[in-house]
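Structure record follows, encoded as structure tokens.
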Amino acid sequence: MTRSEAYPLRRRDVVRRLLAEAGDLLVVTGLGAPSWDATAAGDRDLTFPLWGAMGAAAMMGLGLALAQPERRVLVITGDGEMLMGLGALASIAVQGPRNLAIAVLDNERYGETGMQTTHTAGPCDLAAMAIGAGFPAAADIFDEDALAEALPRIRSEPGPLFFNIKVRAEELPLVLPPKDGAFLKTRFRAALLDN
Ligand SMILES: Cc1ncc(C[n+]2csc(CCOP(=O)(O)OP(=O)(O)O)c2C)c(N)n1
């Protein structure tokens, strides 16, 4: 058994709580399991699930946060996806959007492609990298107490914020969002402009 198979936090529960009473929160989810988790919590117009663009979730969150400075933006993505787009951390820190939070579901695996271990299964520490990039606040979350403390901060504390949530490595049933990218974009945009 690898260490992440014993982590207490379970991704579906974490994401359900991240998205509870989400209201007009703008959400971008990274490809693969984070998007399935968000859909399991309830498909919503103001969530934009990525089906590809690996490495781009945080940058899309940055663009949204800059374009909609009055709206709160949350990116929920995986450790593999975040590792592929690490430069985003530096750009986000430099831009300093106060309305942006990033939550990484760090199972230390590439879930979608067969649960291969990622670099976070070794010495790589994403929260430390976010601090190094210049984020004013970043932390690892390993347990329920830390998660309960972080949840309200993710919703309202001035950002940019980065939370690396260590979740159990587990294979869960797929809960797929709509697959048509044009539909998802139009739905998100219409809901954003209406709200
Ligand atoms: C550029 C690119 N490389 C590889 C893939 C294949 N791929 C899709 S999802 C995924 C793993 C994602 O892992 P992670 O972000 O850690 O999410 P997890 O499922 O583990 O929660 C990979 C490698 C891809 N879609 N695009």
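In the list Ala88, Ala103, Ala130, which residue meets the criterion of being in contact (Cβ under 8 Å) with a residue 40 or more places away in the chain, under 21 Å from Ser35 (Cα atoms) and touching a Leu at 6+ places or on another chain (Cβ under 7 Å)? Before the answer, list the steps.
Numbers: Ala88 fails: in contact (Cβ under 8 Å) with a residue 40 or more places away in the chain; Ala130 fails: under 21 Å from Ser35 (Cα atoms).
Step by step, each of Ala88, Ala103, Ala130 is checked, and only Ala103 is in contact (Cβ under 8 Å) with a residue 40 or more places away in the chain, under 21 Å from Ser35 (Cα atoms) and touching a Leu at 6+ places or on another chain (Cβ under 7 Å).
If you check Ala53, Ala127, Ala58, Ala101 for being surrounded by 22 or more Cβ atoms within 10 Å (Cβ to Cβ), among the aliphatic types (A, V, I, L, M) and within 16 Å of the ligand (Cβ to nearest atom), only one passes: Ala58. Among residues of the range 15-26 that are surrounded by 15 or more Cβ atoms within 10 Å (Cβ to Cβ), those with a Cβ under 6 angstrom from a residue that is at pLDDT 95 or above and among the basic types (Lys, Arg), sequence gap 6+ or separate chain, pair up as Leu25/Arg72; Leu26/Arg71. Going residue by residue through the range 108-125, is there one that turns out to be at pLDDT 95 or above, assigned to a helix (DSSP H, G or I) and aliphatic (A, V, I, L, M)? Looking for residues that are at pLDDT 95 or above, assigned to a helix (DSSP H, G or I) and aliphatic (A, V, I, L, M), one finds at least one in the range 108-125, hence yes.
Look at the range 32-46: where a residue is under 16 Å from Gly78 (Cβ atoms) and a partner is assigned to a helix (DSSP H, G or I) and at pLDDT 95 or above, sitting 6+ places away or on another chain with Cβ atoms under 6 Å, you get Asp37/Arg11; Asp37/Arg12; Asp37/Val15; Ala38/Val15; Ala40/Arg12; Ala41/Val15; Ala41/Arg16. Evaluating Leu64 against the criteria (1) free of Cβ contacts under 8 Å to residues at least 40 places away in the same chain; (2) crowded, with 21+ Cβ neighbours inside 10 Å; (3) under 13 Å from the mean Cα position of the chain (by Cα) leaves one unmet condition, (3).
Which members of the range 138-195 meet the condition of being part of a loop (DSSP other than H, G, I, E, B) and within 19 Å of Arg71 (Cβ to Cβ)? I'd like the intermediate steps shown before the answer.
Here is the first cut: in the range 138-195, the ones part of a loop (DSSP other than H, G, I, E, B) are 142-143, 157-160, 167-180, 195.
Answer for the range 138-195, where residues must be part of a loop (DSSP other than H, G, I, E, B) and within 19 Å of Arg71 (Cβ to Cβ): Glu157, Pro158, Gly159, Pro160, Asn195.
Selection of first residues in the range 172-195 that are over 19 Å from Trp36 (Cα atoms) and of second residues that are at pLDDT 95 or above and hydrophobic (A, V, I, L, M, F, W, C), restricted to Cβ pairs under 7 Å at least 6 apart or on distinct chains, gives the following pairs, ordered by first then second residue: Ala191/Leu46; Leu192/Leu26; Leu192/Leu46. With respect to the conditions (1) more than 13 Å from the ligand (Cβ to nearest atom); (2) out of contact with any strand residue (DSSP E or B) (no Cβ under 8 Å at 6 or more places or on another chain), Arg71 lacks only one, and its number is (2). Residues that are surrounded by 15 or more Cβ atoms within 10 Å (Cβ to Cβ), β-branched (Val, Ile, Thr) and within 8 Å of the ligand (Cβ to nearest atom) within the range 107-124 comprise just one, Thr118.
Listed here are the residues, each with its yes/no results for (1) out of contact with any Lys or Arg (no Cβ under 7 Å at 6 or more places or on another chain); (2) farther than 20 Å from Phe183 by Cβ; (3) basic (Lys, Arg).
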{"position": "Leu19", "(1), (2), (3)": "yes, yes, no"}
{"position": "Val28", "(1), (2), (3)": "yes, no, no"}
{"position": "Ser35", "(1), (2), (3)": "yes, no, no"}
{"position": "Ala38", "(1), (2), (3)": "yes, no, no"}
{"position": "Ala41", "(1), (2), (3)": "no, no, no"}
{"position": "Arg44", "(1), (2), (3)": "yes, no, yes"}
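The values are calculated or read from the model by the stated rules, or taken from the named source; none is laboratory data. Keep in mind the model is a prediction, meaning the values are calculated, not measured. Here the Cβ is made from the backbone with ideal geometry for all residues, glycine too, and neighbour counts use every protein chain on show.
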